[in-house]
Ligand code: PMP
Ligand code: GLN
């Protein structure tokens, strides 16, 4: 076949999880919890299925869930979105991101992304004929350099994609960063796609700076979140976008022919489950315990832990430990030590390798202990 994507490989998450399974390694590579969600969520889904709620939901999502989303976003960020025209339920954040890019980016347009960049953005941009332009979040603090961003913005820039809390680095955008971003786009028609799937996972009392809470930015932003991260159900593949009606109308033009609508019983179950706000508000404390536990376990190893201000990922430098590049090191660690991790250079367009790997700590304590024991034994 004459491949349309001759240079596209398989996503690193599939590669590393497969290798972990083959080697019997503790899998701290792909980001997903290895513990159960609460039975209340499954009971609700079961009940709605038995009650016959098994047919197509409306294209934009069931009103029960759209209302719960809008209420949550208003309570947390003080933003008002219209239930009818400004929120859409999606098949996870991945579909939301792809759909938003397809809705706004024309062939020849430029889309500014920050690298290390989450691996689904650039393939989506290139599939619709856009060109990714890369700004750097630099090791070791991974903060945006707004002077660089300013230089990279051109008349061709159609969209800027931001992600906070940031996968894979665990860095955050601050209120000051949002002001800088607002300055950059003022007077342009640039659309912002804000990937906020880890919006509830911030540590040490940090507050999430949602673009929906910044009126000037919110007016040109599609904000994405994912219930997979929030309720420990990554396999359900349910997320949502909020954005102003004019942008949402464009988003839905693509969404309707992309998936049309997503799994109805899960939408009802989540809408019900969301009514107890402690379930998303408690997530930060829940994951802070895991982060702190994992960092303590890792302290006696020779890995140098980088700051982790949000997400469920911990970066660690192995400089001085091995001469291998990070891909080879991750593979070696999986095969020989029995701990699977993600090499961070795969998120850099130029392959820049700072000798940093990513550990996922969304795991049971026993899983984290098993991984650390293997690491301690090996080093
Ligand atoms: N964006 C980021 C930054 C992510 O980490 C992930 C999932 N790991 C996604 C998007 C995709 O989320 P979903 O599983 O809901 O498609
Ligand atoms: N986003 C998850 C991660 O960063 C994985 C999602 C996926 O496998 N596509 O590990």
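The values are calculated or read from the model by the stated rules, or taken from the named source; none is laboratory data. If you're wondering where the values come from, they're calculated on a predicted model, not measured in any experiment. As a convention, Cβ positions derive from the backbone with ideal geometry for all residues, glycine included, and neighbour counts pool all protein chains shown.
I need the full set of residues from segment 350-360 which are at pLDDT below 95 and out of contact with any helix residue (DSSP H, G or I) (no Cβ under 7 Å at 6 or more places or on another chain), in order please.
The answer is 350, and nothing else.
Output the strands (runs of 3 or more DSSP E) that fall wholly within segment 120-195 and possess 2 or more residues being surrounded by fewer than 22 Cβ atoms within 10 Å (Cβ to Cβ), or say none.
By residue number, 131-136, 157-163.
Within segment 21-37, restricting attention to residues that are away from ligand 1 (no atom under 16 Å from the Cβ) and surrounded by 13 or more Cβ atoms within 10 Å (Cβ to Cβ), which residue is farthest from residue 267 (Cα to Cα)?
Here the answer is 23.
Just to be sure I understand, how many residues within segment 56-113 are within 16 Å of ligand 1 (Cβ to nearest atom) and part of a helix (DSSP H, G or I)?
Total meeting the criteria: 13.
Show me the helices (runs of 4 or more DSSP H) entirely contained within segment 223-338 in which 1 or more residues are within 16 Å of ligand 1 (Cβ to nearest atom), at pLDDT 95 or above and surrounded by 16 or more Cβ atoms within 10 Å (Cβ to Cβ).
227-230, 245-258, 264-273, 278-281, 283-298
Please go through (1) over 25 Å from residue 8 (Cα atoms); (2) away from ligand 1 (no atom under 16 Å from the Cβ); (3) in contact (Cβ under 8 Å) with a residue 24 or more places away in the chain for residue 147 and return the number of the only condition it doesn't satisfy.
(3)
Quick check on my filter: what residues within segment 319-340 are touching a helix residue (DSSP H, G or I) at 6+ places or on another chain (Cβ under 6 Å) and closer than 30 Å to residue 174 by Cα?
326
Could we say that residue 212 is in the same structural domain as residue 124 (by TED's automatic domain parsing), in contact (Cβ under 8 Å) with a residue 24 or more places away in the chain and within 16 Å of ligand 2 (Cβ to nearest atom) here?
Spelling it out, it is not the case that residue 212 is in the same structural domain as residue 124 (by TED's automatic domain parsing), in contact (Cβ under 8 Å) with a residue 24 or more places away in the chain and within 16 Å of ligand 2 (Cβ to nearest atom).
Report whether or not residue 286 is within 22 Å of residue 74 (Cα to Cα) and under 21 Å from the mean Cα position of the chain (by Cα).
In short, no.
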